[in-house]
Amino acid sequence: MRPQTLAEKILSRHAGRPVWAGELCVVEVDHVMVVDSIAPSVLEVLQDLRAEPRYPDRVSFVIDHAAPAVNESVAAAQRQARTYAREHGCLLFEVGRGICHQVLIEEGIVQPGKLILGSDSHSTTYGAVGAFGTGMGATDIALAAAAGRTWLKVPASLKVVLRGELGPGVGAKDLALEMIGRLGADGATYMSIEIDAGDRFSRGERMTLANLCVEAGAKAGLVLPGGEVARDYAVPEWLRPDPGAQYRATLEIDLAELSPRMSVPHQVDQVREVAGLRGRKVDQVFLGSCTNGRLEDLHAAAQVLRGRRVNPGTRLLVIPASSLVLEAAAEDGTLLTLLQAGAVLGTPGCGPCMGRHQGVLAPGEVCVSTSNRNFLGRMGSAEAEIYLASPAVAAACAVAGQIALPEDLEAVHG
Amino acid sequence: MARVWKFPDAINTDDILPGKYAPFMVGDDFHRYAFHHLRPEFAEQVRPGDILAGGRNWGLGSSREYAPQALKRLGVAAIVAVSFARIHYRNLLNLGLPALDEPEIAASLRDGDQVTLDLEAGTLQRGEEIFHFHPVPEFLREALKEGSILAYYRRYQKFPGEA
């Protein structure tokens, strides 16, 4: 049989026949995830189909996109989602449980080799544990819930090969931004990005990498199971690309050469070295989101903030990605470090990422955010600016009140 | 005759409909906020039958189907672009809003052009010029015969090409 990429292997399993890039196929779906903001549209399509979920226990509803409810319209949509989930035996994750992608992984719903569809574009995150995760719109999601399957074109794959090791102060976010910058916002459209990271990176860091693949247009972002993921998950024997599998392109990144990166307004693929952006005044820092709201991200920020104070001209908003992240940060003292530095804590969920609540920007304001999109008007005013960065850089900016690197901060005495 | 609204490369779904104006947030009037930041006059001035012309990677970003839904409600007849982002392309397909990835045609259209679109014939006419679209793939042709993939599934309880 012709050698296969990881995406081809997973999709072949779900199509019930071997498939290769370019083929249209119908595939079994292991889980369908619906977020609160899209739920009313999904339920409308199901009603239109006069259908119910074929496998209710393979459908999750997550209340996270403006939770707790920010107004009556949101409250009504969330009530509709939770009522439906309860009445139909679907899984329901309530206000404060956390961001959909984080929750599905924490709950063990996402497993290596599975095919997961989400009503949110960052569903590529599931590739962190070797699952094929992809985002779709309300109609596709409703149809997949009703049918237990969906149609798709098997994507060509783009291979990312990493060499060397990251230097101090450089992390998975910097690597992900470098990747997006090099590929461009449509550099991987319709493709599966297959990242061979060896045994490097924790599950959380792998989630950051897989999450941002969609910002290069990718259908999926698969990190080959290794290291922590290979240790903690049952990785099936077949879940590895064959030698000789066909790739559309290969991107090589030398980790040793990477320095901290930022996406500058108003496109994610406008990636610059932080060092060249120093001095820009910062009004708000957002530490959170499905990209960087995990325990390791809070740790990285706390390491910079320990013994320091947030600049009086800057607000630091911390929104853990889930209730488990919040609990763990409370337990190990990270939370106290952040609060003593002057951070403001929000309910686990999406936060101000898409400009709905918990930190909307005014005209003229500048925000450094650990999230995933800096589009014009994304977090509020169209006259605001969003810079995307790693948790360590974001924390440094909060202390300096301007764009800065951790190494720019005055040493902590005592 | 229909008007062409020309947009640059990399129009994202937050440009088409900002997340803060989702139906989730503002209720049923959301289409009034289409291109709110980029072209505030758009929702007022667009007329049913008008055509949008885009550049590369039209519709990147969020999976929000209400973005193309807003354009459909405003009566946009088709989007011609150099290329489309994938989730958005599926959403357009599902809503039955024609998405034509036609780089040459998209590039030659100008803001304010007056054109006549004939989807049946696969042509777009501007003055004496006639542009021809590429044919639609078999899978989609099957689905579109029923109106949409959703309509196809409703009728046959399977996807096109499925046994």
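The values are calculated or read from the model by the stated rules, or taken from the named source; none is laboratory data. Note that this is a predicted model, so its numbers are computed, not measured. As a convention, Cβ positions derive from the backbone with ideal geometry for all residues, glycine included, and neighbour counts pool all protein chains shown. Accessible surface is based on the protein model in full, side chains and every heavy atom, while ligands, DNA and RNA are left aside. Shrake-Rupley method; radii C 1.70, N 1.55, O 1.52, S 1.80 Å.
Name the helices (runs of 4 or more DSSP H) wholly within region A:130-242 that hold at least 2 residues that are modelled with pLDDT of 95 or more, crowded, with 24+ Cβ neighbours inside 10 Å and within 12 Å of chain B (Cβ to nearest Cβ)?
Output list reads A:138-147.
Listed here are the residues, each with its yes/no results for (1) in contact with a Phe, Trp or Tyr (Cβ under 7 Å, 6 or more places away or on another chain); (2) in contact (Cβ under 8 Å) with a residue 12 or more places away in the chain; (3) closer than 22 Å to residue B:127 by Cβ.
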{"site": "B:10", "(1), (2), (3)": "no, yes, no"}
{"site": "B:14", "(1), (2), (3)": "yes, yes, no"}
{"site": "B:29", "(1), (2), (3)": "no, no, no"}
{"site": "B:34", "(1), (2), (3)": "yes, yes, no"}
{"site": "B:38", "(1), (2), (3)": "no, yes, no"}
{"site": "B:42", "(1), (2), (3)": "yes, yes, no"}
{"site": "B:49", "(1), (2), (3)": "no, yes, yes"}
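With the structure loaded, tell me whether residue B:143 is within 24 Å of residue B:66 (Cα to Cα), away from every other protein chain (no Cβ under 13 Å), of a type in the set (A, V, I, L, M) and open to solvent by less than 30 Å² (accessible area, probe 1.4 Å) or whether it fails that test.
No, not satisfied.
Would you please name the residue that is surrounded by the fewest Cβ atoms within 10 Å (Cβ to Cβ), looking only at residues in region A:363-402 that are of a type in the set (S, T, N, Q) and closer than 22 Å to residue B:11 by Cα?
So the residue we want is A:381.
So, in region B:5-30, of the ones that are more than 10 Å from every other protein chain (Cβ to nearest Cβ), surrounded by fewer than 20 Cβ atoms within 10 Å (Cβ to Cβ) and not basic (Lys, Arg), which residue ends up farthest from residue A:38 (Cα to Cα)?
Residue satisfying both the conditions and the ranking: B:8.
Consider only pairs whose beta carbons are under 7 Å apart and that are at least six residues apart or on different chains; among these, list those whose first residue lies in region B:124-153 and is without any contact (Cβ under 8 Å) to a residue 12 or more places away in the chain and farther than 18 Å from residue B:89 by Cβ and whose second residue is open to solvent by less than 50 Å² (accessible area, probe 1.4 Å) and in a helix (DSSP H, G or I).
B:146/B:152; B:153/A:143; B:153/A:147
Could you list, ordered by first residue, the pairs with Cβ atoms under 7 Å in which the first is in region A:79-95 and at positive phi and the second is open to solvent by less than 60 Å² (accessible area, probe 1.4 Å) and part of a helix (DSSP H, G or I), at least 6 apart or interchain?
If the second residue must be open to solvent by less than 60 Å² (accessible area, probe 1.4 Å) and part of a helix (DSSP H, G or I), the pairs left are A:89/A:56.
Within region A:403-413, can one find any residue that is within 12 Å of chain B (Cβ to nearest Cβ), of a type in the set (Asp, Glu) and in contact (Cβ under 8 Å) with a residue 12 or more places away in the chain?
no
Scanning for something of a type in the set (Asp, Glu), closer than 30 Å to residue A:69 by Cα and either open to solvent by 30 Å² or more (accessible area, probe 1.4 Å) or in a strand (DSSP E or B) (or both), does region B:50-66 turn up at least one residue?
Within region B:50-66, not a single residue is of a type in the set (Asp, Glu), closer than 30 Å to residue A:69 by Cα and either open to solvent by 30 Å² or more (accessible area, probe 1.4 Å) or in a strand (DSSP E or B) (or both).
Is it true that residue A:52 is open to solvent by 40 Å² or more (accessible area, probe 1.4 Å), part of a loop (DSSP other than H, G, I, E, B) and either free of Cβ contacts under 8 Å to residues at least 24 places away in the same chain or away from chain B (no Cβ under 12 Å) (or both)?
Criteria met by residue A:52.
May I ask you to say which residue of B:105, B:87, B:79 is at pLDDT 95 or above and within 14 Å of chain A (Cβ to nearest Cβ)?
On inspection, the qualifying residue turns out to be B:87.
Hey, among A:250, A:208, which residue is within 30 Å of residue A:360 (Cβ to Cβ) and of a type in the set (Ser, Thr, Tyr)?
A:208
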